[in-house]
Amino acid sequence: MGAMTGHLAPLTVHPDRLFPSDPEVRSVARRLYEQVRERPIISPHGHVDARLLLEDKPFADPTSLLMQPDHYVTRLLHASGVSLDELGVGEGPMPEELARNAWRWLCTNWRVFRGTPVRYWFDSELGEIFGVTERPTTSNADALYDQIRDRLSEPSFRPRALLDRFGIEILATTDDPADDLAAHEALGQDVSVRTRVIPTFRPDRYLEPLRSGWAAAVKQLGARANTDIGDYAGYVKALEDRRQFFLSRGATSSDHSHLDAIAEPLNTREAQRIYSLAMKGEATAQEAIAFRRHMVLEMARMSCEDGLVMTLHPGVWRNHHPATYAQYGADTGHDIPVTVESPRRSSRCWGATEPTRTCIWSCSQWTPTFSAERSHHLPASTRRCTSAHPGGSWTTLPKYARFNDQSPKSQA
C-alpha cells in the first residue's frame with residue numbers, strides 16, 4: 001500500500017494526539033515530550049508472555065496479533081453484532097481464510113472504534129509501525145491484511161526485534177505465582193536480549209475461593225512451593241515462598257485486581273475456619289469474600305516484609321456473562337466497571353494502623369512530587385524498599401496511595 005487510492009480516507013497519526021487542546025499548554029507538552037521521546041521505555045506493567053520473547057517466532061497474521069488476544073477489540077465488535085466465533089475468541093491461530101474473514105469484520109466495523117482508546121492504538125500501530133496510509137474499510141480489508149502479513153514475515157518484525165525497535169529497557173510481565181519463570185531466567189541469561197524482562201506476582205486466583213477450581217489451584221501452588229497447604233498457615237507460607245522466588249528472578253511488584261478495594265482482617269482462627277471450608281468447596285459467598293478481603297491485607301503485610309510494590313486496580317466485574325464465560329473461557333472481553341470506594345474502605349491498608357500504613361508508603365521509591373523532604377512523616381523504623389533498576393529507581397507510589405498529594409501523616 002503506498003499512496004491513497006481512489007476515495008479512501010487517509011489514516012493519519014497526528015503528532016499532537018493526546019496533548020492538551022489549549023495552545024499554550026500544548027506548547028509546554030511538546031517541549032517536554034521532545035526531551036523524553038527518545039529515552040528508553042520502562043514498562044512496569046504488561047501482559048506480554050515471556051515465552052513469546054524466548055521463542056522469538058514470527059507473528060502469524062494480523063488477526064492473531066492485533067485482534068484475537070485483545071478483548072477490547074473483540075468486545076466492541078461483538079457489541080456491534082459480530083459473533084465471537086467469527087473473531088476466533090478462545091481459539092489459537094486460525095486457518096488463513098478464517099483469520100482473513102475476522103480481519104474483514106474489523107475493517108467493515110471500523111466506525112465502532114471512533115473516539116475510543118482502541119482506535120488510538122490502532123491508528124498508532126497501523127500508521128507508525130506497519131506504514132498503513134488508508135483508513136480500514138470493507139473494500140481495502142484484504143489489501144491491508146496482505147500488507148501487514150507481509151511485514152510480519154520480515155525479520156525486523158519478530159518479537160525481539162520489535163523490543164529493540166521500541167527501545168524497551170525493562171519489561172515487567174504479569175505472572176501466575178505457580179509459574180516456574182523458566183522463560184524469564186533463560187531471557188536473562190541470553191546476552192543477545194538487551195531488554196531486562198522481569199516477572200510480576202499476580203496472586204488473584206489464589207485469593208478468591210469463589211473461583212472455579214480454587215482448591216485445585218491452591219494445591220498446585222503448594223506443590224510448586226514444596227509446602228504443605230493442608231492448613232491456613234501452610235497456605236500463607238506457600239504464598240510467601242513464591243513471592244521470594246519471584247524476587248529472586250527480579251520481580252519488583254505484586255499486582256492485584258478484585259471486585260472491590262476493601263481490606264478487612266480476620267483473626268487467625270476465623271481465617272483457618274474459612275480456609276478449611278473453602279478447600280472442601282463449602283464456604284459461603286460471604287465467607288469467601290471475607291477471606292479474600294483478609295488476604296488483600298495479608299498481601300500488604302507481605303509487601304512490608306519483602307519489598308514488592310503492591311499495585312491495586314479494583315473495580316472490574318470480570319466474566320459477568322455466564323454463557324460467554326462457559327463457552328469461551330475467562331478474559332474474553334466480558335468485563336464491566338463497577339463503582340469502587342477506595343480511600344475509606346481500604347483504610348486498613350494505608351492509614352488505619354501503623355504497620356499497614358508503613359507498608360503502603362515505604363514499599364515505593366520517592367517521586368519528585370513526594371520527595372525525601374516529606375519522609376519525616378514516616379516512623380524512623382519504617383522499612384524502605386531498595387530495589388532499583390540500572391541507572392536508578394523507576395517505581396513510583398502505588399496508584400491507590402496517590403491522593404491529593406498529601407502526606408501519610410495527614411491521612412491517618
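Looking at the P(r) of the stretch 55-117, how many percent of alpha-carbon pairs lie beyond 14 Å?
Values: 999 of 1953 pairs.
Taking all Cα-Cα pairs of the stretch 55-117, the fraction more than 14 Å apart is 51 percent.
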Checklist entry - Whole-Hz Karplus ³J(HN,Hα) for the stretch 155-164, in order, using 6.51 cos²θ - 1.76 cosθ + 1.60 and θ = phi - 60°, x for Gly and Pro? => result x, 6, 10, 6, x, 5, 5, 5, 4, 5
Checklist entry - Does a label point 7 Å from the Cα of D16, set along Cα-to-beta-carbon, have any residues of the stretch 34-61 with amide nitrogen under 19 Å, and which are they? => result 34-37
Checklist outcome for this item: Taking the dipole of the stretch 94-166 about the Cα centre (Lys, Arg +1; Asp, Glu -1; charges at Cβ), the one of W105, P155, T116 that reaches farthest to the positive side is T116
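Which order, highest average first, do 57-68, 226-237 follow once you tally other Cβ atoms within 10 Å for each residue and take the mean per peptide?
Values: 57-68: 19.0, 226-237: 16.6.
The most tightly packed comes first, giving 57-68, 226-237.
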Checklist outcome for this item: Taking a crude spin-label model, label points 7 Å out from Cα along the C-beta direction, the D142 to E270 distance in nm is 6.6 nm
Item to check | For the stretch 26-131, size of Cβ-based charge dipole, Lys and Arg +1, Asp and Glu -1, in debye | outcome: 740 debye
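In percent, what relative contact order does the stretch 254-318 have, based on Cα pairs under 8 Å that are 6 or more apart in sequence?
Values: 59 pairs, mean separation 39.3, N = 65.
The normalised contact order for the stretch 254-318 reaches 60 percent.
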Next on the checklist: What does the extension gain come out to for A9 and A223, with contour length at 0.36 nm per residue minus their alpha carbon separation?
Outcome noted: 71.3 nm
Next on the checklist: Taking amide H atoms as placed 1.01 Å from N in the peptide plane, list the residues 5 or more away in sequence, or in a different chain, whose amide H sits under 5 Å from that of V197.
Outcome noted: L171
Checklist entry - Among 123-129, 105-111, what's the highest-first ranking by average C-beta atoms within 10 angstrom per residue? => result 105-111, 123-129
Item to check | Electrostatic dipole magnitude of the stretch 187-235 [Cβ: Lys, Arg +1; Asp, Glu -1; Cα centre; debye, to 20] | outcome: 240 debye
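In units of 2.2 N^0.38 Å, what is the alpha-carbon radius of gyration of the stretch 285-330?
Details: Rg = 14.8 Å, N = 46, 2.2 N^0.38 = 9.4 Å.
Cα-based Rg divided by the globular estimate yields 1.57.
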Checklist outcome for this item: In the stretch 88-225 the accessible area split gives carbon plus sulfur, as whole percent at 1.4 Å, a share of 51 percent
Item to check | Order of exposure, largest accessible area first, which applies to V309, V25 with probe 1.4 Å | outcome: V25, V309
Checklist entry - Rounded to the nearest whole Å², what accessible area per residue is found for the stretch 214-269 with the 1.4 Å probe? => result 43 Å²
Checklist entry - Among all the aspartates and glutamates, which ones have a C-alpha under 13 Å from K219's C-alpha, if same-chain residues fewer than 8 places away are not counted? => result D228, D231
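Just want to confirm a number: the relative contact order over the stretch 145-248, from Cα pairs under 8 angstrom separated by 6+ residues, in percent. Mind dumping the intermediate values first?
Working: 95 pairs, mean separation 23.0, N = 104.
It comes to 22 percent, rounded to a whole number.
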Checklist entry - Once Rh for the stretch 245-321 is found with the Kirkwood sum over Cα pairs, what is the Stokes-Einstein diffusion coefficient at 37 °C and 0.692 mPa s, in µm²/s? => result 237 µm²/s
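Just reorder Y120, Y275 by solvent-accessible area, largest first, 1.4 Å probe, all chains present.
Details: Y120 65, Y275 0 Å².
Ranked from most to least accessible, the order is Y120, Y275.
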Checklist entry - Taking K57 as the anchor, which aspartates and glutamates have their alpha carbon closer than 14 Å to its alpha carbon, excluding any fewer than eight residues away along the same chain? => result D49, E154
Item to check | Packing-based order for 149-157, 183-191, using average beta carbon neighbours within 10 Å, highest first | outcome: 183-191, 149-157
Checklist entry - What are the residues whose amide H is under 5 Å from the amide H of S253, where those residues sit 5 or more places off or on another chain and H is modelled from the backbone? => result F201, V309
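The values are calculated or read from the model by the stated rules, or taken from the named source; none is laboratory data. A quick note: this is a predicted structure, and the numbers were derived from the prediction, not measured. Because the Cβ atoms are built from the backbone with ideal geometry, glycine has one as well, and the counts that use them run over all protein chains shown. What goes into the accessible areas is simple: the full protein's heavy atoms, side chains included, and nothing from ligands, DNA or RNA. Shrake-Rupley method; radii C 1.70, N 1.55, O 1.52, S 1.80 Å.
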